[in-house]
1. Calculate, for B:R201 and A:S177, the FRET efficiency according to 1/(1 + (r/R0)^6) with r their C-beta to C-beta distance and R0 51 Å; round to the nearest 0.05.
2. Other chains near A:167-179: what is the mean number of their Cβ atoms within 10 Å of each residue's Cβ?
3. Per q in 0.14, 0.17, 0.23 1/Å, what log10 I(q)/I(0) does a Debye calculation on the alpha-carbon atoms of the range A:85-193 return?
4. Quick one: B:M138, A:M165, B:M37, fewest Cβ neighbours within 10 Å first, how do they rank?
5. Among A:R254, A:R98, A:R228, determine the one that fluctuates most according to a GNM of chain A built with springs between C-alpha atoms less than 10 Å apart.
6. Take chain B, mark every one of the GluC sites (Glu not before Pro) that falls in a DSSP loop and has at most 13 other Cβ within 10 Å, then report the longest stretch left between them, sites excluded.
7. What ranking do A:W202, B:W183, B:W78 get, fewest neighbouring Cβ atoms within 10 angstrom at the top?
8. Hey, what's the Kirkwood Rh for the range B:60-209 if you take every pair of different alpha carbons, in angstrom?
Amino acid sequence: MTLAALLLLTAFQQAVQDDQCIKCHVDQGAEVKETMHQKAGVGCVSCHGTDEIVNEKHRRTAAFRPARAPQIASLCGSCHKGVLDAFQPSDHFAAAARDDGNAKHRSTCSACHEFHTTVKPDRIAILNRCLECHEKTSHEYKEGAEGFDSMEGFERTLNHLEKEMRRLDRRAGIRTSDLASSVEDGRGARTQLQITQHGLHWKRIKAEAAASADRATAAYNLLAERERRFGHRYFGLGIFLGLLGAAAALVARRARSLRKETAA
Amino acid sequence: MSWIEDRTGLRSLIGAIRERLSRPLPSNSGGAVLGSMALFFILIQVLTGALLAIYYVPSWGEAHSSVALISKDVTFGWLVRSVHAWSAHLLVAIVLLHLVRVFARGSYAKPREVTWLTGVALLGLLMGSAFTGQMLPMDDEAVKGAEVAAAYAGEAGMADLVRGGPHVGPPMLTRMFAAHVIWAPIGIVLLAVAHLALVGRHRLHGAENTQGSSPELLRRLTFALLGSAALLAILAFVRPMGLGPPPGASGASVKPMWMFLPVYQAAKWVSGPATLLLLIGPPALLVAVPFLPRRLAVAAGALMLTAAIVFGIWGAAS
């Protein structure tokens, strides 16, 4: 109860403060509206600073949190802990931490993520961002693109498996219960890869994506094999109908001879 | 063999059955096999139902997964469940045809009024079994159907009786289960025995004075039963019964089983006590048939049959 009340209160204060910001920053207000961040109670002050915001014309802008590259990562990481853990050992993090004013070294979260709109960045957009610093022929770019490719391949396979499970779950005669864990494992692997990709260890990512894709394919093939095998029931039906036909023929013969007896 | 015969009289029993089977049939007895087919499907229901009861768990939380286990994991579970479900459809369809034929030929008249009444009661119990059985898998459709049925019963002030509480919940499943596996089967078996005994007592309509044995009966009966078995097997193998998602998973609207479509459609136009009339009216009319003048009975029966067909098709298309 206390926790719920506290959360409600925080969300309420947040909304009040956000309203004050949005009065002037109309565009940003529109960007954050209904986003995941807003719904989770992450308002303007969560990232841009707190104390100095509430004065009338907020002249002391220097007191706002500077949106410098190293701070951004730790700020995001205060909630997205797993991602920060994966990101910290990477070259991108190290470059951003130098904070030397070089535009190429602003390779922090905001380089790929729109944190006002929280729209999930699509991979093509990210690869285009890579090209702002890396050559298309560079090792880094090629590795990243290949890593994305293998992750995408795995996700496609997992989607197929999920769709097939949904279809066959409703069907009789085809066992699916033992493969529910395969789907769950696949989902877990997908989430894990989406986190570990921030560490830029593309070789490991490619290997893990390929292994996960293989496991999903194996489960998919097993389902297909079970469906094919269930088709064999028609042989059983054929044999049964054949037996019924033979019985009918016997009865017809018996009835004929009975009729002859009765007539005689 | 004589040891068994001395103690059980099995051979004389078989002899009596053979004698009964070799009794003459009226020349137009083609449709009289409908009753035998119904009996065949009842036996199939008892057998497959007993097998399903081995794995079925009548609990609100576990029913769905136990039916999934039967349909997907248990060896030939899908076949037993499919045969049970399809046989239920065929059983009610055959009994309705049987009813229409007996009605059309006026076979319910003196001295067969009680035979007719036991038949009407059997139809009611069989449709009740179909309804209660449909809820047991506890998939989304079954629970939504139960809610609709409870709402109809509510119009007649019987909602609590059907649900066993203020909402569709665990007590309703327990009620449906008890009705499906205890109350209805006991009633069906007792009534079927009485129905058959009465048919034996009064003979088939039109066969009272026929002499001689009838190889025709053997032929027709066997063909009808083999045909029923073939039809059942084809339906169960080609269209095995699947299982919908657990309750609350989809927003699809539900329609009742085909046999309830006429009432479902007609109930859209009435509310309150009139619903009660809709639920009680048709069975009451069937009960009254043998005691009405033939002309009145024919007129009422024809009207009811037409209404059932029209409302049934309308309900299916709506």
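1. Plugging the Cβ-Cβ distance into 1/(1 + (r/R0)^6) gives 0.45.
2. Shielding by partners across A:167-179 averages 6.
3. Log10 I(q)/I(0), no solvent term: -0.73, -0.93, -1.34.
4. The order, fewest Cβ neighbours first, is A:M165, B:M37, B:M138.
5. Judging by the Gaussian network model, the answer is A:R254.
6. In chain B, the maximal stretch lacking such sites is B:63-207.
7. B:W183, A:W202, B:W78
8. Here the Kirkwood hydrodynamic radius works out to 17.4 Å.
Read the figures in this text as sums done on the coordinates, not as results from a lab. Computed from a predicted model, the values in this text were never measured in an experiment. All Cβ positions, even for glycine, are placed from backbone atoms using ideal geometry, and neighbour counts span all protein chains on display.
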